[in-house]
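The values are calculated or read from the model by the stated rules, or taken from the named source; none is laboratory data. Values in this document were obtained by computation on a predicted structure and should not be read as measured data. So basically every Cβ, Gly included, is an ideal-geometry build from the backbone, and we count neighbours across all protein chains shown.
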Amino acid sequence: MTFIRKNYQGILLCFMIALPAWLLGRLWPVIGGPVIAILLGMLITLFFKEKGVFAAGIQFTAKKILQWAVVLLGFGLDLTVVLDTGRQSLPIIVCTIGAALLIAFALHKWLKIPANTSTLVGVGSSICGGSAIAATAPVIGADDEEVAQAISVIFFFNVLAAVIFPAFGAAIGFDTGSGEAFGIFAGTAVNDTSSVTAAASTWDSMWALGSETLDKAVTVKLTRTLAIIPITLILALIVARRGQNVAGGAGCAACAAAGSQDAQLAQKLSLKKIFPFFILYFIAASLITTAVAAAGVETAVFAPLKELSKFFIVMAMAAIGLNTDIVKLVKTGGKPLLMGACCWVGITGISLLVQHLLGLW
C-alpha cells in the first residue's frame, strides 16, 4: 500500500499522457507514439516544474516501467538470435564507447570542464545514459548538482535522437525493408535505452516492420549496457589509486582527508548496485521463448506481451519528457552541453563508419 500511495499519481499522469500519444502514434507512424509522448511531457513540464506528489511515480515510470518493457521484449526472441546480435554489434560498441570517452577526456582538458561532470557526460554518452551516470556517480563522489546536470545533457540528446534519427536513417539510405541496419545503428549511437526504444519503435511504425527493429536495437543496447561493469570497476581503481597517492604524499590534514575520502568511495563499490539485473530477466524471457519454440508452439503467442511492451515504452517516454527541462538546460548547461553534443556526433559518426566497414550498411 505504501508503494501505491507514493507512486500512483505520477504513474497515472504518465499513463494519461501515454494513451493519446499511443493513439496519435498509430495515426502518424512517421512520428510514432514514443516521440509524441516525449514532446507532450516536455511541453507539460514547461508549466508544471514542481512535480510534488507526482515526482516519485514519474521517476518509477522512467526507470522501472522502461525496464519492464525491455524484459517483455525478450519474449518472442530466440536466445541464439540474441547472442548472434550481441556478437555482431560488439566491434561497433567497443569503437563508439572508446570514441566517446576520448572526446570527453579531450574536452575536459581543453575546455577545463570539471572532472566529475566530464566523466559523467562521457560515461552517460558512451554506455547507457542515466543508468551509467547513476552507477558511476557514487564511485567518483559526484554531487547531486553534477549528476543532475549530466543527466539533463544526456536526456537532451536522447530526445533529439528519438526525434531526428528515424528520418536521418531514411535519408542516408538504411534498408527500409528490414530493421537490422537501423536497429544496430540505434542500439550503438543513441545514448539511453529509453531513446533507443523510441527511435527503433518509430522506425518499425514508419515501415510496418512489427517489432523487428525494436528487437534488434534493444539486444544491441543491452550488450552495450554491460560495459557499465568494467567502466565503473576501472574508475573505482583510479579513485582508489588517487586516494592512496594523495594520502601517502599528503603534507596537510585536508589532503589526507581527501585521499581517505577517495579510498572510501572505491571501497563502497558494489557489483549489486552497478549490475543491470533487468538484462538477466530479458535473457530469461528469451530462454522461455526458445524452450516454447522447441516444443513446437508458435512464438506469435507472445504478441500481446510485445504490444504491452511498446505501450510501456510510450509511458516511459512521457516520464522522460516530464523530467526534461530544456529551458533550464540551455541556460545553465554551457560547456557540458557542448561536450554532450561532441560525444553524440562522434558516436553517431563512428557507429555509421564501423557499420559500413563491416558491411552491415
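Can you report the number of residues in the stretch 19-53 which are of a type in the set (Gly, Ala, Ser) and touching a Ser or Thr at 6+ places or on another chain (Cβ under 9 Å)? Talk me through it step by step, then tell me what you get.
Step one: list which residues in the stretch 19-53 are of a type in the set (Gly, Ala, Ser), which gives 21, 25, 32-33, 37, 41, 52.
In the following step, the residues that additionally are touching a Ser or Thr at 6+ places or on another chain (Cβ under 9 Å) were identified as 25, 32-33, 41.
Total meeting the criteria: 4.
Take the stretch 106-131 and flag every residue that is of a type in the set (A, V, I, L, M, F, W, C) and touching a Pro at 6+ places or on another chain (Cβ under 6 Å). Write out each step before concluding.
We begin by selecting, within the stretch 106-131, every residue of a type in the set (A, V, I, L, M, F, W, C); these are 106-107, 110-111, 113, 115, 120-121, 123, 127-128.
VAL121, the sole residue that qualifies.
ILE274 passes all but one of (1) under 30 Å from CYS14 (Cα atoms); (2) modelled with pLDDT of 80 or more; (3) not polar (S, T, N, Q); which number fails?
(2)
Only one of these is in a helix (DSSP H, G or I) and surrounded by fewer than 21 Cβ atoms within 10 Å (Cβ to Cβ): VAL196, VAL147, VAL159. Name it. Show your work before the answer.
Working: VAL196 fails: surrounded by fewer than 21 Cβ atoms within 10 Å (Cβ to Cβ); VAL159 fails: surrounded by fewer than 21 Cβ atoms within 10 Å (Cβ to Cβ).
After ruling out the rest, the residue left standing is VAL147.
Just the residues that are part of a helix (DSSP H, G or I) and within 10 Å of the chain's Cα centre (by Cα), please, taken from the stretch 178-193.
Looking only at the stretch 178-193, we keep the residues that are part of a helix (DSSP H, G or I), and these are 180-189, 193.
Passing the criteria: GLY187, THR193.
Could you please find all residues in the stretch 124-144 being over 11 Å from the mean Cα position of the chain (by Cα) and in a helix (DSSP H, G or I)?
At the first step, the residues of the stretch 124-144 found to be over 11 Å from the mean Cα position of the chain (by Cα) are 134-144.
Hits for the stretch 124-144 are ALA134, ALA135, THR136, ALA137, PRO138, VAL139, ILE140, ASP144.
Which one is farthest from SER309 (Cα to Cα), of the residues in the stretch 27-47 that are of a type outside the set (A, V, I, L, M) and in contact (Cβ under 8 Å) with a residue 60 or more places away in the chain?
From the stretch 27-47, those of a type outside the set (A, V, I, L, M) are 28-29, 32-34, 41, 45, 47; that's our starting set.
Cutting the leftovers down to in contact (Cβ under 8 Å) with a residue 60 or more places away in the chain gives us 29, 32-34, 41, 45.
Values: PRO29: 17, GLY32: 15, GLY33: 13, PRO34: 12, GLY41: 19, THR45: 25 Å.
Of everything passing the filter in the stretch 27-47, THR45 is farthest from SER309 (Cα to Cα).
Checking PRO114 against (1) surrounded by fewer than 20 Cβ atoms within 10 Å (Cβ to Cβ); (2) on the phi > 0 side of the Ramachandran plot; (3) of a type outside the set (Lys, Arg), which single condition isn't satisfied?
Evaluating PRO114 over (1) surrounded by fewer than 20 Cβ atoms within 10 Å (Cβ to Cβ); (2) on the phi > 0 side of the Ramachandran plot; (3) of a type outside the set (Lys, Arg) leaves (2) as the failure.
Can you pull out every residue in the stretch 36-68 that is of a type outside the set (Gly, Ala, Ser), under 20 Å from the mean Cα position of the chain (by Cα) and closer than 25 Å to THR2 by Cα?
ILE58, GLN59, PHE60, THR61, LYS63, LYS64, ILE65, LEU66, GLN67, TRP68
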